[in-house]
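The values are calculated or read from the model by the stated rules, or taken from the named source; none is laboratory data. As the structure is a computational prediction, the values presented were derived from the model and not from experiment. Don't worry about glycine lacking a Cβ; one is built from the backbone with ideal geometry, like all the others, and counts go over all protein chains shown.
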Amino acid sequence: MHPILKGDNCKKFLLGNEAIVRGAVESRVQVGAAYPGTPSSEIGNNLFQMQKDLSGLYFEFAVNEKVAMEIVGAASACGLRSITCMKHVGLNVASDAFMSLAYVGVEGGLVVVTADDPSCHSSQNEQDNRYYAKLAQVPMLEAFDPHTAYVLTKEAFSLSEKFKLPVLLRTTTRVSHARGVVEVGAIPFDFYTTFKKGFFKKDPFRFVPVPAVARKQHKLLLEKLEELQNLASSFNFNQFIPKGKLGICASGVAVNYVIDALEDLGLQDEVSLLILTFTHPFPEKLALEFLSQVETCVVVEELEPYLEENLRALAYTHGLKTKILGKKEKLLPRYFEFTPTQVKEALANAFNLKRFTVEVPPFDFSDKLPARPPVLCQGCPHRETYKLIKEVLQEMGIEERTIYPTDIGCYTLGIQPPLNMADYLLCMGSSVGTPCGFDVATDQRVVAFIGDSTFFHAGLSPLVNAKFNKHNFTLVVLDNDTTAMTGHQPVPSQTIKSPIIQDHPTIPIQKIVEALDIPYVVINPYKKEEAKELIQPLLEKQELSVIIAKAPCILYKTKSQKGS
Amino acid sequence: MKKIKGLVVGVGGQGIILFTRVLGEACLKADIPVIVSEVHGMAQRGGVVESSICLFGKSPYTSEGEADFIVAFEPAEALRFVKRAKKETKFIISKDPILPFAVKEGSANYPDLNPFFEEMTSYFNQVFLVPGEELAKEAGSVKALNMVMLGAATALEIFPLNREALVEAMLELLPEKLHQVNLKAFDLGFNYIKSIL
């Protein structure tokens, strides 16, 4: 049995992402869909694996986050509890569907997990997705450790069902990838013995947001938000702990740093706390009670001043003189993860504790030590592909001028010397869209790199654009049979498949390229001379072409041979 | 109880996650509040890996001047994280270097660490070097370095848990075919520290 399913009504040592899975299964989730993305990946991975043990659960890895959002939206419209999860930038991709989902609403509870990544541990930006809740006008819960991730997942399902709205559940890397003690309930195994189908009750004047419907639904949504605003103030896991005239308002992982810092500073009995987990709509009534009882309020939240803006507006509206200290005063920065020491220092500063200093060793060796940038694994086929293409372009005398748009995956590591073959990147699929622009704007050769999974995620439509609008560049599809970087999730073109989807078809990338009538070659990157001969003619011609470099990820190959 | 904060550092692929999981499961059994952080994703590809441990507290992050202990699976990584330490920090360091890819390729240097260690040991009083690779090999697999280090850390009594509690958690987490090697690795690390104390 899957380890997350083991044990009822006990304490488990779970990763934040595993706690979400446990909470979802205890809540009788039936349908899940997701595209992998760190730091959210373990949610999908575990739901995928769990289907072996729970016949009543369906999960699929969708080609991208928007498709995943559409799948769970429809499943929920049929009355089934559903979940999707994604990294913060994944919600950008899914946002089109997400925004309308708020208007048409849901039937079965629908939880949308966004895992944000302050400090960009594995991302191209550190956007604060709490503003998506505000933008889409949906309720949002913020977890601050694995246990709250578990509890809030369960709360999110009932909240969603009660208000017939999707609920955004927000974590960050330091919550998703923290492992802590979670007090779990029971798994409803009886419920999961068979997959129980739902029923879609037609209601086009709700589910089809043509302008007349959309206008009506928006008003309805705003009415729901008002009700939710009241509920947020009485929400069980929003806590106002009144103590003295000094106050702190916090959400997310910073809650832990605040509690530990107060203990270290000996202030735990003097400082009033407003700990928030239900943060959109903002719990105004509760926050007002807090602001009226303190003279100073320090706001401790990572990234954007979301709570801070709400608190300031509230204080202004009610004519309160409470001193609010946060990002505006540069007490804490708007970038990167916080550290406990940083929070401790900020609080000592804000509360004028002059004697407090953190003692750190008087030396630092970090700039004298060798760096360890992540690198392509030994024997990785991507490295071979990069090397042989570089050689051909060098032999042609145009390598230095060639522009290498790249994409999101292990192969972005082509940025490292000695390869230096990553020049421009925006987001998933941008390696195919941006060459269309480079082609118009410069005479430099463009050789772009994209992985198989990213190709299916967001590379198909720009390739059609390139063909239709007559853009000239060479696209290299690094087809390694898997979604490697996030932990080997399935990809439509793969030939080595997980036993769970053994009967799924293979969709070869070359057939898609053929259908678009684009010249292409398929190479084996380990056969260097043969591959160089195949690609040279394509690179010499100034026309749209595709090189498919086909060789499985060595880790994936080894893993599947071992049968895990 | 007073908070105990620590850091386990090393290089992607050294098995740091198992170290913290065994410790965490042992804490869970003993009803000790515990939270750790793990590194997943791209950073695992041969990069620097750090895992924070916090017992009796809430923060899954051990930052500057906070560590009660630092377990380093690689000597340069111990040095990289000294700013997280305080005067009384206990260091347990596996002394065998792992060369970064750039060093193997010849485009970077792996410096002589001895001068840094001299500076370090003149400031900190409790720096313990462990022949990690040798002990892991003796146990039967270089991969068992993580359990050598866990055994060593246990012998130093940096966790409020005894050998039996950690061994029990370890055996429960590992498949049976790996029990012997890892148990031996744990005890070799444990006994090594006891022999030099």
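Looking at region A:476-499, which of its residues are within 18 Å of A:Met428 (Cα to Cα), surrounded by fewer than 21 Cβ atoms within 10 Å (Cβ to Cβ) and either without any contact (Cβ under 8 Å) to a residue 40 or more places away in the chain or more than 18 Å from the chain's Cα centre (by Cα) (or both)? Hit for region A:476-499 is A:Pro492, nothing else. Of all residues in region A:276-304, those that are within 24 Å of A:Glu227 (Cβ to Cβ) and surrounded by fewer than 17 Cβ atoms within 10 Å (Cβ to Cβ) total 3.
Looking at region A:119-211, the helices (runs of 4 or more DSSP H) lying wholly inside it that each contain 1 or more residues that are within 14 Å of chain B (Cβ to nearest Cβ) sit at A:146-163, A:173-176.
Does A:Thr412 qualify as being without any contact (Cβ under 8 Å) to a residue 40 or more places away in the chain, surrounded by 15 or more Cβ atoms within 10 Å (Cβ to Cβ) and farther than 30 Å from B:Glu118 by Cα? Step through it out loud before you land on a result.
Working: without any contact (Cβ under 8 Å) to a residue 40 or more places away in the chain: yes; surrounded by 15 or more Cβ atoms within 10 Å (Cβ to Cβ): yes; farther than 30 Å from B:Glu118 by Cα: yes.
Yes: the conditions hold for A:Thr412.
Screening A:Thr357 on (1) assigned to a loop (DSSP other than H, G, I, E, B); (2) within 29 Å of the chain's Cα centre (by Cα) shows it passes everything except condition (2). Kindly indicate whether A:Tyr386 is buried (at least 21 other Cβ atoms within 10 Å of the Cβ) and within 13 Å of another protein chain (Cβ to nearest Cβ). It is false that A:Tyr386 is buried (at least 21 other Cβ atoms within 10 Å of the Cβ) and within 13 Å of another protein chain (Cβ to nearest Cβ).
Can you tell me which residue among A:Ala68, A:Ala75 is away from chain B (no Cβ under 14 Å), surrounded by 22 or more Cβ atoms within 10 Å (Cβ to Cβ), at pLDDT 95 or above and out of contact with any helix residue (DSSP H, G or I) (no Cβ under 9 Å at 6 or more places or on another chain)?
Values: A:Ala68 fails: out of contact with any helix residue (DSSP H, G or I) (no Cβ under 9 Å at 6 or more places or on another chain).
Answer to the selection: A:Ala75.
Somewhere in region A:520-531, is a residue under 30 Å from A:Pro36 (Cα atoms) and free of Cβ contacts under 8 Å to residues at least 24 places away in the same chain?
No, region A:520-531 contains no residue that is under 30 Å from A:Pro36 (Cα atoms) and free of Cβ contacts under 8 Å to residues at least 24 places away in the same chain.
Can you pull out the residues in region A:305-319 that are surrounded by fewer than 17 Cβ atoms within 10 Å (Cβ to Cβ) and part of a loop (DSSP other than H, G, I, E, B)? Matches in region A:305-319: A:His318, A:Gly319.
Limited to region A:276-290, what total is found for residues that are hydroxyl-bearing (Ser, Thr, Tyr) and either assigned to a helix (DSSP H, G or I) or free of Cβ contacts under 8 Å to residues at least 40 places away in the same chain (or both)? Working first, answer last.
Here is the first cut: in region A:276-290, the ones hydroxyl-bearing (Ser, Thr, Tyr) are A:277, A:279.
Applying the additional criterion that residues be either assigned to a helix (DSSP H, G or I) or free of Cβ contacts under 8 Å to residues at least 40 places away in the same chain (or both) yields none.
Matching residues across region A:276-290 total 0.
Looking only at residues of region B:61-94 that are within 12 Å of the chain's Cα centre (by Cα) and assigned to a loop (DSSP other than H, G, I, E, B), we find that the one that is nearest to the other protein chains (Cβ to nearest Cβ) is B:Glu74.
Under the condition of being over 33 Å from the mean Cα position of the chain (by Cα), under 13 Å from A:Gly244 (Cα atoms) and of a type in the set (A, V, I, L, M), the residues counted in region A:260-290 number 2. Note on region A:1-42: among residues that are free of Cβ contacts under 8 Å to residues at least 60 places away in the same chain and more than 21 Å from the chain's Cα centre (by Cα), the one that is surrounded by the most Cβ atoms within 10 Å (Cβ to Cβ) is A:Ile4. Scanning region A:232-275 for residues that are in a helix (DSSP H, G or I) and surrounded by fewer than 17 Cβ atoms within 10 Å (Cβ to Cβ) gives A:Ser234, A:Glu263.
Counting just the residues of region A:366-378 that are out of contact with any Pro (no Cβ under 9 Å at 6 or more places or on another chain), part of a loop (DSSP other than H, G, I, E, B) and at the interface with chain B (Cβ under 7 Å from one of its Cβ atoms), which one comes out surrounded by the fewest Cβ atoms within 10 Å (Cβ to Cβ)?
Within region A:366-378, the first condition is being out of contact with any Pro (no Cβ under 9 Å at 6 or more places or on another chain), and the residues that meet it are A:366-367, A:374, A:376-378.
Checking the rest, the ones that are also part of a loop (DSSP other than H, G, I, E, B) come to A:374, A:376-378.
Restricting the remaining residues to those that are at the interface with chain B (Cβ under 7 Å from one of its Cβ atoms) gives A:374, A:377.
Details: A:Pro374: 21, A:Cys377: 19.
So the residue we want is A:Cys377.
Taking the criterion of being surrounded by fewer than 19 Cβ atoms within 10 Å (Cβ to Cβ) and not in a loop (DSSP other than H, G, I, E, B), would at least one residue in region A:49-63 satisfy it? Scanning region A:49-63, I find at least one residue that is surrounded by fewer than 19 Cβ atoms within 10 Å (Cβ to Cβ) and not in a loop (DSSP other than H, G, I, E, B), so the answer is yes. As a summary of the residue check, A:Glu345 satisfies the conditions (1) within 12 Å of chain B (Cβ to nearest Cβ); (2) farther than 16 Å from B:Glu64 by Cα; (3) surrounded by 12 or more Cβ atoms within 10 Å (Cβ to Cβ); (4) of a type outside the set (S, T, N, Q) except for the one numbered (2).
Going through A:Val89, A:Val72 one at a time, which residue ends up being part of a helix (DSSP H, G or I), β-branched (Val, Ile, Thr), more than 18 Å from A:Ser176 (Cα to Cα) and under 21 Å from the mean Cα position of the chain (by Cα)? Matching residue, one of A:Val89, A:Val72: A:Val72.
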